[in-house]
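Here is the structure we will look at.
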Amino acid sequence: VCTVLRLLVNPSDELAFARLVEMFPKVGKKTSHKIFRKLGGRINLQREETHDQLVAALPAAARDEWEKVKPVFLAYREDSLQNDPGEIIFRFNKAFYTEYMVESFDNHKFRAEDLDGLIDFTVKFDSTESFLSEIALLTNLDADSGKAPADEEDRDSIRLSTVHQAKGLEWKAVFVLFVNEDMFPSKKAIEEAGDAEERRLFYVAVTRAEDELFLCSPMVRRQRDGGMIFLDPSRFLTEIPESMLQPDGGGFH
């Protein structure tokens with residue numbers, strides 16, 4: 001979904017354009033490349049006329065789907081959302097991507113949870129550009145983490161991962177973030193199927209640590225509108241014997 005933001009910021013980003021339009025029916029690599037060239041190699045989705053040209057160039061099967069997301073792109077400028085990347089992701093998700101995930105991925109529920117986490121992550125950024133810069137940095141760090149460290153200094157690094165992506169992996173020290181009610185376990189997951197699956201995921205998370213495990217349970221959380229909400233520790237924390245926990249500020253060790 002970050003391709004949406006990338007294309008809004010840089011209309012000449014052909015890779016972002018390709019990744020976006022290839023989610024739509026009957027659009028493959030050759031078609032996306034052809035459309036990009038036909039529109040002059042610059043896809044300014046903040047302009048109404050660009051959408052008219054794009055719809056005319058898209059296969060017939062993709063046109064109605066594109067009309068669903070068109071308002072999202074136009075709102076970037078019309079609603080002054082340049083400094084609110086989370087709102088753009090939220091609207092794109094609601095208009096198109098949620099249905100796309102259900103139709104395209106067996107693990108769409110997990111992907112939806114990860115997307116909710118990404119939207120929460122945008123709160124700390126005051127512009128789309130700064131958010132994309134951070135994402136690019138983290139993506140590079142994640143790619144580099146799969147390589148053998150060249151020296152001791154390279155070993156002193158942090159890897160960010162979702163619980164699902166961490167299955168089968170282990171690290172000397174692991175920090176599990178937001179071990180709070182409605183977050184871990186997820187409120188949405190509990191409402192749909194109880195906490196059994198979330199409990200299994202928690203087990204996966206805590207067993208990734210070889211030596212040290214930090215369970216972080218903050219007391220407050222900043223919302224996207226700037227407000228603050230108070231948080232309760234996760235039920236999973238309260239079930240752990242106190243003898244096995246070492247309180248440490250905003251979390252447990």
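Observations, loosely collected:
- Looking only at residues of region 69-119 that are of a type in the set (Gly, Ala, Ser) and within 15 Å of the chain's Cα centre (by Cα), we find that the one that is farthest from Val163 (Cα to Cα) is Gly86.
- Meets criteria (touching a residue at least 60 places away in the same chain (Cβ under 8 Å), in the same structural domain as Glu113 (by TED's automatic domain parsing) and either of a type outside the set (A, V, I, L, M) or within 26 Å of Glu129 (Cβ to Cβ) (or both)) for Asn93: yes
- Index of the failed condition, Arg199 passing every other in (1) farther than 26 Å from Ile88 by Cα; (2) touching a strand residue (DSSP E or B) at 6+ places or on another chain (Cβ under 9 Å): (2)
- Scanning region 131-183 for residues that are over 20 Å from Val204 (Cα atoms), of a type in the set (D, E, K, R) and at pLDDT 80 or above returns a single hit, Glu134.
- Annotation note: of Gln46, Gln82, Gln53, the sole residue that is free of Cβ contacts under 8 Å to residues at least 40 places away in the same chain and in contact with a Phe, Trp or Tyr (Cβ under 8 Å, 6 or more places away or on another chain) is Gln46.
The values are calculated or read from the model by the stated rules, or taken from the named source; none is laboratory data. Quantities reported herein were computed from a predicted structural model and do not represent experimental measurements. Here Cβ is always computed from backbone atoms with ideal geometry, including for glycine, and neighbour counts include all displayed protein chains.
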